[in-house]
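Notes for the one structure printed next.
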Amino acid sequence: MAQIIVVASGKGGVGKTTSSAAIATGLALKGHKTVVVDFDIGLRNLDLIMGCERRVVYDFVNVINGEANLSQTLIKDKRCDKLYILPASQTRDKDALTKEGVGKVLQDLAKDFEYIICDSPAGIETGAMMALYFADIAIVTTNPEVSSVRDSDRILGMLQSKSKRAEEGLEPVKQYLLLTRYSPSRVTSGEMLSVEDVEDILAIPLIGVIPESKAVLKASNSGVPVILDQESDAGKAYCDSVERLLGKELPLRFVTEEKKSFLKRIFGS
């Protein structure tokens with residue numbers, strides 16, 4: 001049975017789309033047939049991150065409105081056979097997403113895919129609430145700063161009260177924390193919350209810590225999910241996060257400040 005995973009946050013700019021692309025790619029590389037769906041109607045960035053923007057003909061709203069079917073709309077990733085993208089519309093309003101329409105599309109996707117990754121817009125507007133409503137699993141993505149963490153706490157409240165599972169009295173949505181743009185040196189200097197601080201505030205299981213990395217921007221600009229860059233710390237951290245999502249226990253990496261050797265302290269890096 002397909003698992004619907006929403007990647008959500010209360011605040012924009014925390015790396016949701018980067019994380020959605022990386023997690024979907026990681027699951028597909030592990031042999032799971034996966035589709036990643038862009039819920040950010042009117043903006044549409046997922047296809048850029050995935051490097052398939054020139055291949056978009058139909059979109060999510062076209063499918064909801066019956067103007068195209070899924071086989072016409074889904075874009076198969078060129079790098080991974082088991083990965084597909086359902087792009088958002090750039091020209092429609094977010095109100096084009098209806099609960100019935102979205103539910104029908106997800107139901108149809110569930111017939112063919114093991115994992116459906118929903119790349120949610122920030123906050124609690126229509127697109128975000130639609131993505132949250134149908135989730136089986138939520139990966140709440142936050143930066144280690146007070147405003148981002150506070151807004152993520154609000155998203156947890158929405159998941160507990162506004163999801164389909166909550167409405168129907170089913171087992172609650174599984175919630176995981178993904179901490180992005182983490183810098184141990186800034187934590188040490190008091191500029192950033194620590195992993196422990198964020199865990200204490202949100203009180204949900206930690207699935208991964210993604211370090212601040214230039215590789216993320218480079219990957220985004222190249223249209224390549226950063227998880228494919230196995231030379232980068234960010235790519236390795238996303239791989240670890242996917243493993244944990246699949247149930248493997250792994251120690252956290254990139255959460256402590258690297259100790260400089262005697263020679264580096266004298267001569268610099």
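The values are calculated or read from the model by the stated rules, or taken from the named source; none is laboratory data. Note that the structure is predicted; figures quoted are calculated from it, not measured. In this analysis, Cβ positions are derived from the backbone assuming ideal geometry, glycine residues included, and neighbour counts consider all displayed protein chains. Heads up: the accessible areas ignore ligands, DNA and RNA and are worked out on the full protein's heavy atoms, side chains in. Shrake-Rupley method; radii C 1.70, N 1.55, O 1.52, S 1.80 Å.
Which percent of Cα pairs goes in each bin when the distances of the stretch 141-234 are cut into 5 angstrom slices starting at zero?
Going from the shortest bin to the longest, the percentages are 2, 13, 19, 18, 16, 15, 10, 5, 2, 0.
Taking R0 as 51 Å, what's the FRET efficiency between Lys99 and Arg186 from their Cβ-Cβ distance, rounded to 0.05?
0.80
What does the convex hull of the Cα atoms of the stretch 64-125 come to per residue, in Å³, rounded to a whole number?
118 Å³
What is the helix-to-structure angle for 146-162, meaning the angle in degrees between its Cα long axis and the longest Cα principal axis of the chain, kept from 0 to 90 and rounded to the nearest 10?
30 degrees
Any chance you could run the full-extension gain for Glu196 through Lys164? It's 0.36 nm times the residue separation minus the Cα-Cα distance, nm to one decimal. Before the final figure, lay out the partial values.
Working: separation 32, 0.36 × 32 = 11.52 nm, distance 3.08 nm.
Separation in residues times 0.36 nm, less the Cα-Cα distance, equals 8.4 nm.
Could you give the C-alpha radius of gyration of the stretch 1-64 expressed as a fraction of 2.2 N^0.38 Å, taking N as the number of residues it contains?
1.16
Summing Lys, Arg as +1 and Asp, Glu as -1, what charge do residues with Cβ under 11 Å from the Cβ of Pro87 carry, Pro87 excluded?
On the way: positive: Arg44, Arg55; negative: Asp38, Asp40, Asp47, Glu53, Asp59, Asp119.
Once positives and negatives cancel, what remains is -4.
May I ask for the distance between the Cα centers of the stretch 63-107 and the stretch 166-180, given as a whole number of Å?
23 Å
How large, in percent, is the carbon and sulfur part of the accessible surface of the stretch 135-269 at a probe radius of 1.4 Å?
Numbers: 3770 of 7570 Å².
Ligands and nucleic acids excluded, carbon and sulfur reach 50 percent.
Find the Rg to Rh ratio for the stretch 1-136, where Rh is the Kirkwood radius over alpha-carbon pairs and Rg uses the same atoms.
0.91
Can you work out the base-10 log of I(q)/I(0) for the chain at q = 0.11, 0.13, 0.14, 0.17 1/Å, using the Debye formula on its C-alpha atoms alone?
Per q value, in the given order, log10 I(q)/I(0) is -0.58, -0.80, -0.93, -1.36.
Can you tell me the 0 to 90 degree angle between the C-alpha axis of helix 99-110 and the longest principal axis of the chain, rounded to 10?
Approximately 80 degrees, to the nearest ten.
Arg154 to Lys76: extension gain in nm, 0.36 nm per residue of separation minus the Cα-Cα distance? Numbers along the way, then the final one.
Values: separation 78, 0.36 × 78 = 28.08 nm, distance 3.46 nm.
Contour length minus Cα-Cα distance gives 24.6 nm.
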